[in-house]
């Protein structure tokens, strides 16, 4: 028996590698002679660097400017052989690094993420994968490109302050000092949403309230995104407002305009990065899961993306999650033959959260015994 264990993180309790280890323990209790391979996955947001490191990338650490100017240590991954770097906006510019206040929602920026990109360029990266999600800012990625030499100017020719709240004052963009290495490196941005840059479904209206923005701040941020998009469109002829450009406070938009950047479905990008197809080719059974398997999971992200890939190859799939709110019939369409939640095994959400690894192990044991 060859078992592939490929979970996403159990947000707030277990990382992807920790969840995989707990599931492996449960699997080996049922199949003690099995060959178990752990291959944690991600949607391209928080946890992407961790997944890359688990797949063999070396872990790097850089001190960068956080989203409200306090220094932070940000982890990223690099593969010396392929020269691929993997970074996350959450590491350098994440919402956990900033209190969710109105003031911070307006002043938060992505400068530190740009410093990580610069570190990757210094390391010789020829491809940079940027996992978008968990961000504190709504600055359209302007802070990151400012760390790489871009200048945003106001009507007086002065630099506008960092942060989304200042984008309304931008009248010109000066790209003459932009790091020339960006033109030669491939930038791939992993997103798990298709929100536009601005408007009712855009970065400000949908995501900024989670970052502390009130109604007035949301309106100002949205106006700033519209303004900078207009300035860039007039200067370059490029429309920054592409599907997914609203991710991570609009981060992809400026990179679409000023770098060799593409916006890609996060799960597909990560699956390719960790060679999921190759792992499935050597597997008899797949175990996957995440913290909450719900209606959003059915879109093929994360665990059900793994399930669909396995199902296409005729490989049975077992799901273990912190909680499961979709029906067995819905899961069966994705090739899932058994599904058990840690909450059901523990008897309550509180108990499951208090000892997530233990109950994930027990849920795996019960799921496999039920096949």
Which numbered condition in (1) surrounded by fewer than 24 Cβ atoms within 10 Å (Cβ to Cβ); (2) assigned to a helix (DSSP H, G or I) is the only one that residue 27 fails? (1)
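Would a scan of segment 228-240 turn up a residue that is assigned to a helix (DSSP H, G or I), under 21 Å from residue 44 (Cα atoms) and touching a helix residue (DSSP H, G or I) at 6+ places or on another chain (Cβ under 9 Å)? Break it down into steps so the answer makes sense when it comes.
So the first thing to find is which residues in segment 228-240 are assigned to a helix (DSSP H, G or I), and the list is 228-236.
After this cut, where a residue has to be under 21 Å from residue 44 (Cα atoms) as well, the list is none.
No, that holds for no residue.
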Could you list, in sequence order, all residues of segment 297-311 that are part of a helix (DSSP H, G or I), buried (at least 16 other Cβ atoms within 10 Å of the Cβ) and under 19 Å from the mean Cα position of the chain (by Cα)? 297, 302, 303, 304, 305, 306
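Listed residues 105, 90, 118, 74; which is more than 17 Å from residue 286 (Cβ to Cβ) and in a strand (DSSP E or B)? Working first, answer last.
On the way: 105 fails: in a strand (DSSP E or B); 90 fails: in a strand (DSSP E or B); 118 fails: in a strand (DSSP E or B).
The match here is 74.
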Just checking, which of 145, 178 is buried (at least 24 other Cβ atoms within 10 Å of the Cβ) and touching a residue at least 60 places away in the same chain (Cβ under 8 Å)? 145
Breaking point among (1) crowded, with 16+ Cβ neighbours inside 10 Å; (2) on the phi > 0 side of the Ramachandran plot; (3) outside any helix (DSSP H, G or I), for residue 250: (3)
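Could you look through segment 201-215, keep only residues that are in a loop (DSSP other than H, G, I, E, B) and touching a helix residue (DSSP H, G or I) at 6+ places or on another chain (Cβ under 8 Å), and pick out the one that is farthest from residue 82 (Cα to Cα)? Write out each step before concluding.
Taking segment 201-215 as the starting set, the residues that turn out to be in a loop (DSSP other than H, G, I, E, B) are 201-202, 212-214.
With the extra rule that they be touching a helix residue (DSSP H, G or I) at 6+ places or on another chain (Cβ under 8 Å), the set shrinks to 202, 212-214.
Working: 202: 35, 212: 40, 213: 41, 214: 44 Å.
Checking each candidate, the answer is 214.
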Can you tell me which condition residue 294 does not meet? The list is (1) over 23 Å from residue 93 (Cβ atoms); (2) touching a strand residue (DSSP E or B) at 6+ places or on another chain (Cβ under 7 Å); (3) surrounded by fewer than 23 Cβ atoms within 10 Å (Cβ to Cβ), and all the others hold. (2)
Considering (1) in the same structural domain as residue 96 (by TED's automatic domain parsing); (2) assigned to a loop (DSSP other than H, G, I, E, B); (3) under 15 Å from the mean Cα position of the chain (by Cα), say which one residue 8 fails and leave the rest. (1)
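The values are calculated or read from the model by the stated rules, or taken from the named source; none is laboratory data. Model, not experiment: these values are computed from the prediction. As a convention, Cβ positions derive from the backbone with ideal geometry for all residues, glycine included, and neighbour counts pool all protein chains shown.
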